[in-house]
1. What number comes out for the charge environment of GLN180, summing +1 per Lys or Arg and -1 per Asp or Glu over other residues with Cβ under 15 Å away?
2. Residue separation times 0.36 nm, minus the C-alpha to C-alpha distance between MET47 and VAL324: what's the value?
3. As a test of reading the structure, rank ILE424, ILE33 by solvent-accessible area (1.4 Å probe, protein chains only), most first.
4. Identify which of PRO172, PRO234, PRO415 has the largest mean-square fluctuation in a Gaussian network model of the chain, with springs joining Cα atoms closer than 10 Å.
5. Mind checking the stretch 79-180 for trypsin sites (Lys or Arg not before Pro) that DSSP puts in a loop (not H, G, I, E or B) and that have at most 10 other Cβ atoms within 10 Å?
6. Dividing the convex hull volume of the alpha carbon atoms of the chain by its residue count, what do you get in Å³ per residue?
7. Just the number please: accessible area per residue for the chain, 1.4 Å probe, all protein chains included, in Å².
8. Leaving out ligands, DNA and RNA but keeping every protein chain, what accessible area does PHE308 have, in Å² rounded to the nearest 10, with a 1.4 Å probe?
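The values are calculated or read from the model by the stated rules, or taken from the named source; none is laboratory data. Note that the structure is a prediction, hence the values are computed from the model and not measured. Glycine gets a Cβ as well: all are built from the backbone with ideal geometry, and neighbour counts include every protein chain shown. With ligands, DNA and RNA removed, areas are computed over all heavy atoms of the protein, side chains included. Shrake-Rupley method; radii C 1.70, N 1.55, O 1.52, S 1.80 Å.
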Amino acid sequence: MKESIVSKDGVSYLGPFILITACFALWGFANDITNPMVKAFSKIFRMSVTDGTLVQVAFYGGYFAMAFPAAMFIRKYTYKAGVLLGLGLYALGALSFFPAKLTGDYHPFLLAYFIMTCGLSFLETSCNPYILSMGTEETATRRLNLAQAFNPIGSLMGMYVAMNFIQNKLHPMDTAERAQLSQAEFEAVRDSDLSVLIAPYLVIGVVIFIMLLVIRATRMPRNADQSTSIDFIPTLKRIFTLKRYRYGVLTQFFYVGAQIMCWTFVIQYGTHLFTSQGMEEQAAEVLSQKYNIVAMIIFCVSRFICTFILRYVKPGKLLMVLAVVALILTGGVIFCVESIWGMYCLVGVSACMSLMFPTIYGIALKGMGDDAKFGAAGLIMAILGGSVLPPLQASIIDCKTLFGMPAVNVSFILPFICFVVIVIYGYNMRRES
């Protein structure tokens, strides 16, 4: 009988696989409840889109800052210890939204996001290679794609909560109207909106803490924890001699940037589109978020389909094909000015992105063995793309008009460039993977 993709040498890892896979959904929730907060914070604190993207800078900056410390921690201890510490920091950051709200200031929220994503950095640095280790190397990329398929389920939950429990409950007054309020009126509206915003974060903080207790009480495999010697510099030198890893880190940087830009600025894109057709701003924002949820549903379904296709097509080749299609759709986002077809193209990009993160990850770490702990850290640091590129796109959007076109359309040239990089990586890895 054919061995399961979550077993090795006759030992089944199904139970631990399910628990660690649940963590993928939990950080998916954090990612996609956060993307709409750029618009929400901009409105609540009467800021520009560029200032609002400091949420993304703090959020994805935490991934960058903590990736290698997380790798050294799990190299010294275990994957399980890394998961537990990650969950602890995640819960602490989420619960920190309450004291941040009491200050009535924007910047303590950025600190809370940073703490939360330091935890997510530990989680991703631990969970991704942990999943790769729970079976044979031949099925590693399929196994990671299967686990990652549950990430968008968490993302869908995050989007749903953002739309129904935050955006729909914020004060309907738009940004221009808020700018005309007196200081006392502004503070009253701000505090009311912040109370709405923090509630889901406090709930998820409690859920994460319960998950920590469950995993702490569960016996987890230690099969991949052979070495406790850190050997930081020699290991880095060794892994960066590998072409597929070196370019994989670069490609992951551009992929994450493209993903976050496409999912964050769908709100701005849709708001511009629908208000140009006479819709009120808040109604346009809510409708745009509904399109974002459709995009995530497509992303989720596509992930399962692509995981199945990987049984027959090499990962690099499939990555290249999907990146080419993403290029074409992003072109439609740019040039379909004030047309619903631009929104359809933006939603369609998610179908192409579904495969990209875990496939780049799996190709880059192939054959690394215990070095995958540090290799994973480099790939998690590449999530910095989600911190660096969105503010650049936001600065373009703030220009309002460029080259006779709406700046929000022109801004999608940045995801277009990102997909070009992914096409090149997929082409170069089409045989090796």
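1. On the way: positive: LYS43, ARG46, ARG178, ARG190; negative: ASP174, GLU177, GLU185, GLU187, GLU281.
Residues close to GLN180 contribute a combined charge of -1.
2. Computed gain between MET47 and VAL324 is 96.1 nm.
3. Numbers: ILE424 95, ILE33 0 Å².
Reading off the accessible areas and sorting them downward yields ILE424, ILE33.
4. PRO234
5. Working: sites: LYS80, LYS101, ARG142, ARG143, LYS169, ARG178; in loops: none.
Qualifying residues, ordered by number: none.
6. Numbers: hull volume 54.3 nm³, N = 433.
Looking at the chain, the number lands at 125 Å³ per residue.
7. Numbers: 16480 Å² over 433 residues.
Here the per-residue accessible area is 38 Å².
8. 110
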